[in-house]
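Participant: Dropping the structure in here first, questions after.
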Amino acid sequence: MADLNLQHLEAELSRIDVLLRREVRRWQLAGQSPDDFRGLYVSDEHAVHLLQRPFGASWGQTVALPLAEAQAFADALTQATARAESVARAMRERGDVPRLETLASICGLDRFARDVFLVCLAPALDLRYRQVYGYLQDDVTRKNPTVNLVLDLLGGAGAGRLSLLSHFSDDAPLFRWRVLHRSAGPQQEHVPLLARSLYPDEGIVSWLLGDYHFGDLLSPHARLIVGDEEADEFPSLLLPEGTAAVLERAAAGSETPLLVLCGADETARRAAARFVADPVARPLLRLDLASVAATKRPLLAPVGVALRDARLIGAIPYLTGWDVCLADGAPQPDLLAALSDFPGLLI
C-alpha cells in the first residue's frame, strides 16, 4: 500500500517548488544569470546595483512577471495545494492524520510556520534544493536557506516583511519546540538574524519519513522501550497494596497525569512504569537525566525534545534520575513548567 504520508509530504513540497520556480524565473528576468563565482566576489557594477535595489527586496522582487507567466504560477500553486488537500482528505477518511498536520497541531505551527518548515526541510530530502538555494542566495556556499531567503519566498518585499521575524525568535513555536535550528558555527555569533541558516531537527525528519530515531540531543541519553522488549529483566513483582489500582488508573488516563515513582529499588520503579505502559500498548520514552546532567549541559532542551517526541510517537515520557533536577529539594522552575504543560501522562 502506498504511504499516503509520504505522498502528502511530496504534495506539500510541490507547493514550495512552485514558489522556487517563480523566484528563479524572476531572478532571470532581473538579469541575474548563473555565475560560477556567484557570491565569492562583488564587482563595482554589482555594488552599484545592490544600492539601487529597493529596501527589503530580492533581485526577483524588483521585476514583475508577464501576466501569462504570473497566472501560470498561480494556477500551478492552486493545483499543488488541491493535491495536498486531496491526499490529506483521503487519509482522514480512513481514520488517519498526515504527520505534517500532527506536527503542526502539537507544536502550534500556523500556515506560515508550516511553509517555513517545508522550505527548510526540502534540502534534507532532496539535494537539488541545496544548489537552488545557493543560486537564490547569491552565494554558492550557502546550501541551507537563510531567514532572508525564507522571507523572499513567503513574505514578499518591503518593510512589512520584517513583522514576520517574530516567527524566528527563540520563543516562537518553530524554535521553542526545536522543529528548526539556526546555524551556530563559530562565525555565527554576531551574524544578523536574516543571515542565519536554518535546518530541520533530525528526530522530526526521521519521524516524518516513518522511521523515527533520536536526534543528537537525545540519542546518548534516551531509549525507546516497546512491548515486551525488557520482559526478561523484570520478574513478577508483588506491588504494595493499592499501588496496582493507582497504576491502572494512570494507564487509563482517568487521573494521575504526573506519576512519581520513588524508592531505592530501581528495578521495581522500572517495573511499575512498564505496568502502566504495557496494558495500553504504548512505548516508554525513557530519558536518563543523570546522563544528561553529566554532560554539564542544561536539562531543559533534552527534556523539551523528549516531551515533544513522546507526543509525536504516542509514547509515555519516563524521566529517570530526577534528583539531578532538584536544588535544595525543589525542581528547577523551567523544568517544572515544561512538565506541567505536558497534556498527557508522564512518569
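The values are calculated or read from the model by the stated rules, or taken from the named source; none is laboratory data. Treat the numbers as computed from the prediction; the structure is a model and nothing was measured. All Cβ positions, glycine included, derive from the backbone under ideal geometry; neighbour counts span all protein chains shown. SASA here: full protein model, heavy atoms, side chains in, ligands and nucleic acids out. Shrake-Rupley method; radii C 1.70, N 1.55, O 1.52, S 1.80 Å.
Participant: The conditions are (1) under 24 Å from GLY31 (Cα atoms); (2) open to solvent by less than 40 Å² (accessible area, probe 1.4 Å), and PHE175 fails exactly one of them. Which is it?
Facilitator: Result: PHE175 fails condition (1) only.
Participant: Would you please list the contacts, defined by Cβ atoms under 9 Å and residues six or more apart or on different chains, that run from a residue in region 197-222 that is within 13 Å of ARG99 (Cβ to Cβ) to a residue that is crowded, with 17+ Cβ neighbours inside 10 Å and among the basic types (Lys, Arg)?
Facilitator: Here the result reads GLY203/ARG178; GLY203/ARG308; ILE204/ARG178; ILE204/ARG308; TRP207/ARG99; LEU208/ARG99; LEU209/ARG99; GLY210/ARG99, each pair linking region 197-222 to a residue that is crowded, with 17+ Cβ neighbours inside 10 Å and among the basic types (Lys, Arg).
Participant: Something else about it: Pull up region 279-303, narrow it to residues that are over 24 Å from ASP170 (Cα atoms) and modelled with pLDDT under 90, then point me to the one that is farthest from the chain's Cα centre (by Cα).
Facilitator: Filtering first and then ranking leaves PRO279.
Participant: Right, something else. Identify the residue in region 103-142 that is closer than 20 Å to PHE175 by Cα and among the basic types (Lys, Arg) and, among all such residues, is surrounded by the most Cβ atoms within 10 Å (Cβ to Cβ).
Facilitator: From region 103-142, those closer than 20 Å to PHE175 by Cα are 103-124; that's our starting set.
From the residues that got through so far, the ones that are among the basic types (Lys, Arg) too are 111, 114.
Working: ARG111: 9, ARG114: 18.
Here the answer is ARG114.
Participant: Specify the residue that is most open to solvent (accessible area, probe 1.4 Å); the eligible residues are those in region 77-100 that are among the acidic types (Asp, Glu) and free of Cβ contacts under 8 Å to residues at least 24 places away in the same chain. Spell out the reasoning first.
Facilitator: We begin by selecting, within region 77-100, every residue among the acidic types (Asp, Glu); these are 85, 93, 96.
Adding the requirement that they be free of Cβ contacts under 8 Å to residues at least 24 places away in the same chain leaves 85, 93.
Values: GLU85: 105, GLU93: 146 Å².
That would be GLU93.
Participant: Where in region 264-347 are the helices (runs of 4 or more DSSP H), entirely inside, with at least 1 residues that are crowded, with 18+ Cβ neighbours inside 10 Å and touching a Phe, Trp or Tyr at 6+ places or on another chain (Cβ under 7 Å)?
Facilitator: In region 264-347, the matching helices (runs of 4 or more DSSP H) lie at 266-277, 289-293, 300-313.
Participant: For region 156-169, check the following and say yes or no: at least one residue is open to solvent by 60 Å² or more (accessible area, probe 1.4 Å) and within 15 Å of the chain's Cα centre (by Cα).
Facilitator: no
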